[in-house]
Each structure stands twice: as C-alpha cells, then as structure tokens.
Amino acid sequence: MIKAVLFDLDDTLFDHRGCAREALAAVQGCHDRFRSMPFDALERAHARFLEELHADVMLGRVPLETARIERFRRLLAAMDVPSSESLAARIATTYRDTYRTARRAVAGASALLAAIKPFARIAIVSNNLLEEQQEKLRTCGLDGFVDALVVSEEAGTSKPDPAIFQVALDRLQAWPGNAVMVGDSWAADVMGARAAGIRAIWFNPGGALTPAGEPAVPELRSLEPVDAALRTILDTYRD
C-alpha cells in the first residue's frame, strides 16, 4: 500500500501561476511601455527571462533578489526602454510585494493533505529555494502536514533527476514501490518520478494531452472533491 506521497509545490499545491499573474498585472502599471502591451505578450516575454535565470536560482548559484532585478532589466531592454538599476529594482519590488500578498494554496490542497496524513507520510519535492518554499507552506497553512521538504537548492540537483526523489524517499523512510508522486509538470514530475521508479500522477487542471509517444498515467484535474482525489492517489498502488 501507499506509505509515502510526494508532491510538487508550485502549481500543484500552491497557486504560483495565479500569484504570478497578479504580480505581473501590477508590474504592467509601472511603465507606459508595459501598459501599451497586451498582457499575454507581456506574460510570455516575462516567462522567457524567468526561465533563463531560474536554473541558477533554484540551485542557489544566483541570489533570488539579484535574479529578479536582472529579469526585469532584461525585460526592459527587450522593449527598448532605457533602464537603470534603480528602475529595474523598483519594478522587481512591485512584483515581489504583490506576489507575496497574493500567496494562496490551490483549492482543496489543505483538505487533501489532511485526508492523506492518516495513511501516508508526505514530502514536497520542489525545484526552488528552501526559504522561499518554507514561507509558501507556512503562509498557506500547509506546513503542518509536511514530513519532509526537499528543494533543489539544498539537494544540489533538480527534477527530473531521480536523485532528488531518492532524497525525499530516504527522509520518509520509504521506497519507490510504496510511494507515489503528484505534480503538474510532465517533464519534471511525471518523467522524473518514473525514472526514480515511483508511480506518477499528473496534476493536469488544464486538460493538456499526454505527450505524444508517452504512456498515460493517472490524472487529477482538480484536488477537489477531496474524496475522489484521495482515491486516485491511494489506489495508484493497485494500477
């Protein structure tokens, strides 16, 4: 039977995408060039620079605040806006403060973790920074349900590397055969779990198609109703 449930955090239990959109909407009001740009275009441009810097941040090679300022410096430069360090820093502060105010769990996350606890130990496996993810869990009231928090900064490697999943299993005193991983990223969570020998459940609220040529896995479109999500997670052992 399932004795360990591993979860991704951002966009699985924590509503990172929603918080980021609110923060970027606040940023859009910071400069005329941003205001004249369709929000979807601004979001795509921002995501590109975020991705360029994210790997160094999540492994602890670049401080988060430094990377956030550099992200907006690059965004301004891409829009041909003469930018100073102070302008990029002000915009980065607007983004950070709005994001922090907006922090919230995905609907059903707290109730689902509470329902799992009598049956299994719980770990978070996240490609991010320890302090950042600890704050999210505390703010959302999820920290009390979590037995182990494993992040790429601390582990020195990131999903989909099987090694980071093994760190979580070791901390839970579990093994791949009695564990399951739930996450929204096919590449990082589903393929990473498979590589570690762990059953995977794809959190897929947008209803994306299974990547071509890949075998299907159990899916959750929502964490609610909790009873249905719980059955999917615990019944994975019998698939």
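The values are calculated or read from the model by the stated rules, or taken from the named source; none is laboratory data. All values reported here derive from a predicted model rather than from experimental measurement. Because the Cβ atoms are built from the backbone with ideal geometry, glycine has one as well, and the counts that use them run over all protein chains shown. Ligands, DNA and RNA are stripped out before the accessible areas are found, and what is left, the full protein with its side chains, is counted by its heavy atoms. Shrake-Rupley method; radii C 1.70, N 1.55, O 1.52, S 1.80 Å.
Name the residues in region 3-57 that are among the acidic types (Asp, Glu) and without any contact (Cβ under 8 Å) to a residue 24 or more places away in the chain, would you?
Of everything in region 3-57, those that are among the acidic types (Asp, Glu) and without any contact (Cβ under 8 Å) to a residue 24 or more places away in the chain turn out to be 32, 40, 43, 51, 52, 56.
Hey, can you tell me all the residues within region 1-19 that are in a helix (DSSP H, G or I), open to solvent by less than 20 Å² (accessible area, probe 1.4 Å) and more than 19 Å from residue 111 (Cβ to Cβ)?
Hit for region 1-19 is 19, nothing else.
Could you say which residue among 160, 211 is surrounded by 15 or more Cβ atoms within 10 Å (Cβ to Cβ) and over 19 Å from residue 109 (Cα atoms)?
None of the others qualify; the one that does is 160.
Could you check region 31-68 and list, in sequence order, the residues that are among the β-branched types (Val, Ile, Thr) and open to solvent by less than 40 Å² (accessible area, probe 1.4 Å)?
Of everything in region 31-68, just one residue is among the β-branched types (Val, Ile, Thr) and open to solvent by less than 40 Å² (accessible area, probe 1.4 Å), namely 57.
Among (1) open to solvent by 40 Å² or more (accessible area, probe 1.4 Å); (2) among the aliphatic types (A, V, I, L, M); (3) more than 18 Å from the chain's Cα centre (by Cα), which single condition is residue 226 missing?
Going through (1) open to solvent by 40 Å² or more (accessible area, probe 1.4 Å); (2) among the aliphatic types (A, V, I, L, M); (3) more than 18 Å from the chain's Cα centre (by Cα) one by one, residue 226 breaks only (1).
For residues that are under 16 Å from the mean Cα position of the chain (by Cα) and in contact (Cβ under 8 Å) with a residue 60 or more places away in the chain, scanning just region 81-102, find the one that is surrounded by the fewest Cβ atoms within 10 Å (Cβ to Cβ).
Among those that are under 16 Å from the mean Cα position of the chain (by Cα) and in contact (Cβ under 8 Å) with a residue 60 or more places away in the chain, it is 102.
Hey, could you check region 199-208 for residues that are more than 15 Å from residue 6 (Cβ to Cβ) and in contact with a Lys or Arg (Cβ under 7 Å, 6 or more places away or on another chain) and say which is least open to solvent (accessible area, probe 1.4 Å)?
204
Just give me the residues in region 164-190 being open to solvent by 50 Å² or more (accessible area, probe 1.4 Å) and not polar (S, T, N, Q), in sequence order.
Selection gives 170, 171, 175, 187.
Sort through 155, 78, 109, 105 and tell me the only one that's among the small types (Gly, Ala, Ser), open to solvent by less than 30 Å² (accessible area, probe 1.4 Å) and in contact (Cβ under 8 Å) with a residue 12 or more places away in the chain.
None of the others qualify; the one that does is 109.
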